[in-house]
1. List the residue pairs whose Cβ atoms are under 7 Å apart, where the first residue sits in segment 22-34 and is outside the structural domain of residue 222 (by the TED database), the second is in a loop (DSSP other than H, G, I, E, B) and of a type in the set (Lys, Arg), and the two are 6 or more positions apart or on different chains.
2. Collect the residues in segment 170-194 that are under 12 Å from residue 122 (Cβ atoms), over 21 Å from the mean Cα position of the chain (by Cα) and open to solvent by less than 60 Å² (accessible area, probe 1.4 Å), keeping them in residue-number order.
3. Quick one: what pairs do we get from segment 133-159, first residue without any contact (Cβ under 8 Å) to a residue 24 or more places away in the chain, second open to solvent by less than 60 Å² (accessible area, probe 1.4 Å), C-beta under 6 Å, 6+ apart or different chains?
4. Tell me, yes or no, whether segment 244-254 has at least one residue that is open to solvent by less than 30 Å² (accessible area, probe 1.4 Å) and in a strand (DSSP E or B).
5. Filter segment 195-236 for residues that are surrounded by 15 or more Cβ atoms within 10 Å (Cβ to Cβ) and touching a His at 6+ places or on another chain (Cβ under 9 Å) and give the result.
6. Got at least one residue in segment 54-73 being under 23 Å from the mean Cα position of the chain (by Cα), among the β-branched types (Val, Ile, Thr) and loosely packed, with under 15 Cβ neighbours inside 10 Å?
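The values are calculated or read from the model by the stated rules, or taken from the named source; none is laboratory data. Keep in mind that this is a model prediction, so the values were computed, not measured. All Cβ positions, even for glycine, are placed from backbone atoms using ideal geometry, and neighbour counts span all protein chains on display. To get the accessible areas, we keep the full protein, side chains included, count just its heavy atoms, and leave off ligands, DNA and RNA. Shrake-Rupley method; radii C 1.70, N 1.55, O 1.52, S 1.80 Å.
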Amino acid sequence: MHHSDTDIELKVLMEAIYMKYSYDFRDYTGASQKRRVLHALREMECDSISALQARIMHEPAAFSTLLQYLTIPVTSMFRDPTYYAALREHVMPVLRTYPSLKIWIAGCSTGEEVYSMAILLKEEGLLERSMIYATDINPQSLEQARKGVFPLDAMREYTENYQAAGGTRSFSEYYTAAYNAALFDSALRENVTFADHSLATDAVFAETHLISCRNVMIYFKKKLQERAFGLFHESLCHRGFLGLGSKESIDFSAYAPAFEPVNKRERVFRKR
């Protein structure tokens, strides 16, 4: 099998990142990863992937910058509203039967999904008894998520998504507008713990009732997908829920038999 120089350099770069910084991108899919690294090369003014590797080996700040390119957040509040509608219809009534809840949002990025979930739980009367774990491998994204500040000009799209997801109030009740930004009500994150966690290298940290992990697995190769499904299966309580959204699938996983579909289109499953 013939490997291009770029592919070899890319593989060596990911190995170096893993050995030096313990971030494991070795089982991320090639095409999107290559695209992101080549984009970072241009932006960081390096002539080659090897030159970039030399930089990140000696400058932790350069690695921080590269990490922003490797984990590009593509997200919005109530993204794919039918997913939230499915949770509202199929999952919330069951969660209501528990005295206290633990929910894990894996790969939470800059927090849009966290606040969406908190709003959904609040409207279902469940936020007060919920503990939400919002995890991501990118510390800068987590910092942004903690602040709960989003661009004001995104609010029109978010409001439409919220309404399509079956929102029961006026979306503007949840934020205050100031200086071209929307600051979300701090009560929404009172029960949220933001934590640095990697599906590639870290272990399970809690027993959960619902795990939502969307638009994360599409970047994983098979081996890493299996590891993630293993973590989810281990973390979920008996009959717990796993929400993957319409872009991901568990069908070809060794864990498929361990879950039953609750909503096929939105890939909402329940642990058998």
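1. Hits for this filter: 27/221; 28/221; 29/221.
2. Those that are under 12 Å from residue 122 (Cβ atoms), over 21 Å from the mean Cα position of the chain (by Cα) and open to solvent by less than 60 Å² (accessible area, probe 1.4 Å): 174, 187.
3. 159/171
4. No.
5. 236
6. no
Every residue, every condition in (1) surrounded by 21 or more Cβ atoms within 10 Å (Cβ to Cβ); (2) within 13 Å of the chain's Cα centre (by Cα); (3) not in a loop (DSSP other than H, G, I, E, B), yes or no:
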residue: 75; (1), (2), (3): no, yes, no
residue: 83; (1), (2), (3): yes, no, yes
residue: 86; (1), (2), (3): yes, no, yes
residue: 94; (1), (2), (3): no, no, yes
residue: 104; (1), (2), (3): yes, yes, yes
residue: 115; (1), (2), (3): yes, yes, yes
residue: 145; (1), (2), (3): yes, yes, yes
residue: 162; (1), (2), (3): yes, no, yes
residue: 168; (1), (2), (3): no, no, no
